[in-house]
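Worksheet: one structure, shown below.
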Amino acid sequence: MLNNKKILLGITGGIAAYKCAHLVRLLVKKGAEVKVVMTPSAVQFVTPETLAVLSKNEVVSEFFDTNLNWNNHVHLAEWADLFVVAPATANTLAKFATGVCDNIVNACYLSARSKVFIAPAMDLDMYQHPSTKQNLKILEGFGNIIIPAESGELASGLIGEGRMAEPENIVNFIEKYFSAGLPFSGKKILVNAGPTYEAIDPVRFIGNRSSGKTGVALADEFCDQGAEVTLVLGPSVFKPKNTNVKLISVESAEEMFNACVEVFKKSDIAVLSAAVADYKPKEVSTSKIKKSDGPVNLELTKTNDILAELGKLKAKQILVGFALETENAIEYAKEKVKNKNLDLIVVNTTSEKNPAFGSDFNTISIIDKHNKLVNFEFKSKTEIAKDIVSAIKAYADKK
Ligand code: CTP
């Protein structure tokens with residue numbers, strides 16, 4: 001969500017400035033490009049060098065640098081997709097409210113074309129003071145967004161409201177701002193992916209060739225489009241790139257079943273792309289089974305069908321299944337839509353020409369519960385994930 005977003009961070013002179021090193025780090029980790037401007041007094045609380053290293057950009061705290069080159073606040077303010085001022089002292093709030101322009105942060109504020117987020121931080125009585133309250137109201141009236149101060153122990157030793165919002169909470173505010181208006185904003189989505197491993201003994205298992213690539217790409221795509229995504233992932237080397245995807249790692253079909261049933265209750269949409277084992281060994285040996293001369297008989301028992309269970313539990317959710325077939329793909333898939341109470345099914349076929357498992361490419365078709373069929377071309381699994389997400393969006397919009 002914050003990938004490639006340009007964030008200008010204005011730091012003013014309060015003790016909470018030290019937390020900005022962590023804030024910059026969090027934003028950069030989320031893929032944002034961060035530039036920092038500081039007031040001269042902020043420099044006494046956290047060094048520009050620290051912030052320059054963390055942001056990978058030059059930090060500006062004066063109108064002119066040491067070689068008397070002018071630091072262009074207008075360009076900085078124009079560059080930003082968002083200007084975040086944290087911590088914002090009582091002094092800065094008053095200056096913003098009245099248009100005083102005596103340092104580079106104030107100049108950026110007055111030049112900003114983007115939204116401005118302001119995270120005030122000050123001591124208890126200062127935060128409660130009618131002047132501060134009025135300045136915050138004025139600033140809100142100008143269209144700025146205030147990230148309220150939090151309660152806790154303050155630098156003076158007093159306890160109460162006035163602490164700068166924690167960096168994680170500031171990042172949440174920013175992410176919510178950027179996700180508003182995205183296609184899946186506000187939607188909770190469950191995705192499962194990967195194979196499952198069914199233990200035979202402590203060293204052996206029954207598994208399958210699923211890589212989990214499509215499901216992981218789906219989780220990333222939904223998240224990039226504003227959804228709150230939980231990915232229940234079997235043993236796979238692939239992991240989501242989007243750090244907002246909530247990852248639950250599981251190994252067996254039973255673990256996957258339990259996690260999915262739990263998450264499904266609070267989901268709006270569930271997409272079950274995992275290649276769940278249909279059978280598991282009836283008994284799991286607690287010690288390694290030793291080799292013997294004769295053949296070994298492994299008794300298998302059925303696992304729970306996660307998709308079928310979610311179909312039974314379904315209330316208002318949109319439920320999407322996958323079908324992997326080698327023959328009569330469309331007919332079998334249509335049966336699965338009915339039998340498992342699905343809204344949509346994504347059909348893959350596996351053959352020598354289109355191996356599906358392990359490959360970076362695939363060919364799919366999508367069938368909805370009214371038997372409407374759409375065939376897609378052979379493409380990369382990342383592009384396939386985008387097609388599936390668009391098809392689900394189109395279905396949800398019509399529902
Ligand atoms: N599935 C599941 N739990 C299982 C087995 C399958 O949730 N124990 C889900 C898969 O995630 C997929 C769908 O069911 O979304 C269809 O899987 P597939 O293997 O194609 O079909 P099955 O229902 O297992 O039937 P068959 O293997 O006989 O085709």
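The values are calculated or read from the model by the stated rules, or taken from the named source; none is laboratory data. This is a predicted model, so every value here is computed, not measured. We place every Cβ from the backbone using ideal geometry, glycine too, and count neighbours over all the protein chains shown.
Kindly provide the set of residues from region 314-325 that are surrounded by 15 or more Cβ atoms within 10 Å (Cβ to Cβ), touching a residue at least 40 places away in the same chain (Cβ under 8 Å) and more than 12 Å from the ligand (Cβ to nearest atom), ordered by number.
Answer for region 314-325, where residues must be surrounded by 15 or more Cβ atoms within 10 Å (Cβ to Cβ), touching a residue at least 40 places away in the same chain (Cβ under 8 Å) and more than 12 Å from the ligand (Cβ to nearest atom): 317, 318.
Name the single residue that is modelled with the lowest pLDDT among those in region 178-200 being surrounded by 19 or more Cβ atoms within 10 Å (Cβ to Cβ) and among the hydroxyl-bearing types (Ser, Thr, Tyr).
Among them, the one singled out is 179.
Assigned by TED's automatic domain parsing to the domain that holds residue 385, under 23 Å from residue 202 (Cβ atoms), touching a Lys or Arg at 6+ places or on another chain (Cβ under 7 Å) and within 14 Å of the ligand (Cβ to nearest atom), is that true of residue 342?
No: the conditions fail for residue 342.
Go through region 326-398 and tell me which strands (runs of 3 or more DSSP E), entirely inside it, have 2 or more residues that are surrounded by fewer than 17 Cβ atoms within 10 Å (Cβ to Cβ).
Counting at least 2 such residues, we get 373-375.
Tell me, please, whether a residue that is modelled with pLDDT of 95 or more and crowded, with 18+ Cβ neighbours inside 10 Å can be found in region 283-301.
no
So which residues in region 201-219 are buried (at least 24 other Cβ atoms within 10 Å of the Cβ) and farther than 13 Å from residue 357 by Cα, if there are any at all?
216, 217, 218, 219
Regarding residue 113, is this residue under 32 Å from the mean Cα position of the chain (by Cα), within 30 Å of residue 30 (Cβ to Cβ), touching a residue at least 12 places away in the same chain (Cβ under 8 Å) and buried (at least 21 other Cβ atoms within 10 Å of the Cβ)?
When the stated conditions are applied, residue 113 does not pass them.
Right, residue 112: hydrophobic (A, V, I, L, M, F, W, C) and touching an Asp or Glu at 6+ places or on another chain (Cβ under 8 Å) or not?
The answer is no for residue 112.
Residue by residue through region 118-146, note down the ones that are assigned to a loop (DSSP other than H, G, I, E, B) and more than 30 Å from residue 226 (Cβ to Cβ).
Those that are assigned to a loop (DSSP other than H, G, I, E, B) and more than 30 Å from residue 226 (Cβ to Cβ): 122, 123, 129.
Failed condition for residue 306, given (1) more than 9 Å from the ligand (Cβ to nearest atom); (2) within 30 Å of residue 227 (Cβ to Cβ), with all others met?
The failed condition is (1).
Take region 147-176 and flag every residue that is surrounded by 18 or more Cβ atoms within 10 Å (Cβ to Cβ) and either assigned by TED's automatic domain parsing to the domain that holds residue 393 or in a loop (DSSP other than H, G, I, E, B) (or both).
Result: 147, 149, 154, 164, 165.
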